[in-house]
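Below: one structure, written as structure tokens.
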Amino acid sequence: QVRDEIITKVNYAATRGGHKVYIIDEVHMLSGPAFNALLKTVEEPPVRTVFVLCTTHPHKVPETIHSRCQRFDFRRIGIDDIVGRLAMIAEREGISVEDGTLPLIARHAAGGMRNAIGTLDQLSAFTGKRVSLADVEGLLGEVDFARLAQVVRLIAARDAAGCFRFVAELVGSGADVSEFVRGLTAHFRDVYVLAAGAEADGVVAASAEEIEELREEVALFDLDR
């Protein structure tokens with residue numbers, strides 16, 4: 001199909017705009033013969049023709065193709081940056097958001113701005129532009145950072161009865177327990193990383209305010225515990 005869809009048509013001028021742009025998503029899925037057929041065209045494309053090759057597995061793209069491309073690596077976006085963008089959108093669109101909701105949305109998006117904006121859009125439509133923490137927890141199954149911090153402090157104090165009450169309230173609220181366990185594990189991982197002396201930047205996916213809370217929790221445990 002590379003021959004039929006690209007090579008035989010690439011020399012025709014663009015019908016709209018000044019350039020012809022070919023975007024090949026998941027390019028690593030092309031077969032060996034398809035890559036070979038594409039090689040000469042990528043190496044010497046017609047004037048005003050641009051190829052954009054997208055992949056999540058760059059190591060699977062043949063070196064012959066790699067060496068003829070300019071490479072851009074895209075990374076996950078930090079929580080603070082996502083929260084800042086969501087706050088701007090909420091303000092412009094007249095969406096009321098309760099404290100703590102945007103970091104929760106940002107964490108759930110796992111570094112993807114499109115996912116975060118899509119979630120905010122869903123919540124806005126569902127709630128009539130008044131988004132509460134309970135709405136976010138209900139839609140995403142995520143547990144708020146503050147609630148995770150609460151149970152961590154109960155564990156640090158060895159308050160078994162308090163932990164049982166916490167879990168009972170969690171289950172009674174309809175929260176997804178498996179998501180809670182996943183979130184708590186990730187939370188303790190971040191506490192451990194900071195306790196081990198690592199810098200938070202690039203290692204802990206949390207907002208600046210949350211990192212300060214994590215540092216306070218570090219003081220409640222010694223590293224062995």
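The values are calculated or read from the model by the stated rules, or taken from the named source; none is laboratory data. The shown structure was predicted, so the numbers you read here are calculated from the model rather than taken from an experiment. Positions of Cβ are generated from backbone atoms using ideal geometry, with glycine treated the same way; all protein chains shown enter the neighbour counts. Just the protein is used for accessible areas: all its heavy atoms, side chains included, with ligands, DNA and RNA removed. Shrake-Rupley method; radii C 1.70, N 1.55, O 1.52, S 1.80 Å.
Residue 161 meets each of the listed conditions (1) over 21 Å from the mean Cα position of the chain (by Cα); (2) part of a loop (DSSP other than H, G, I, E, B) apart from (2). Which condition does residue 51 not pass, out of (1) under 21 Å from the mean Cα position of the chain (by Cα); (2) open to solvent by less than 50 Å² (accessible area, probe 1.4 Å); (3) among the aromatic types (Phe, Trp, Tyr), if it passes all the others? For residue 51, the failing item is (1). Looking only at the stretch 143-158, count how many residues are part of a helix (DSSP H, G or I), of a type outside the set (Phe, Trp, Tyr) and under 20 Å from residue 209 (Cβ atoms). Total satisfying the criteria: 9.
With respect to the conditions (1) open to solvent by 40 Å² or more (accessible area, probe 1.4 Å); (2) among the acidic types (Asp, Glu); (3) under 23 Å from residue 110 (Cα atoms), residue 210 falls short on a single one, namely (1).
Within the stretch 184-202, the set of residues being among the hydrophobic types (A, V, I, L, M, F, W, C), under 23 Å from residue 100 (Cβ atoms) and modelled with pLDDT of 80 or more comprises 184, 186, 188, 191, 193, 194. Say whether the condition of being modelled with pLDDT under 85, closer than 30 Å to residue 74 by Cα and open to solvent by less than 50 Å² (accessible area, probe 1.4 Å) is met by at least one residue in the stretch 164-176. No. Between 83, 97, 136, the distinction of being touching an Asp or Glu at 6+ places or on another chain (Cβ under 8 Å) and surrounded by 16 or more Cβ atoms within 10 Å (Cβ to Cβ) belongs to 136 only.
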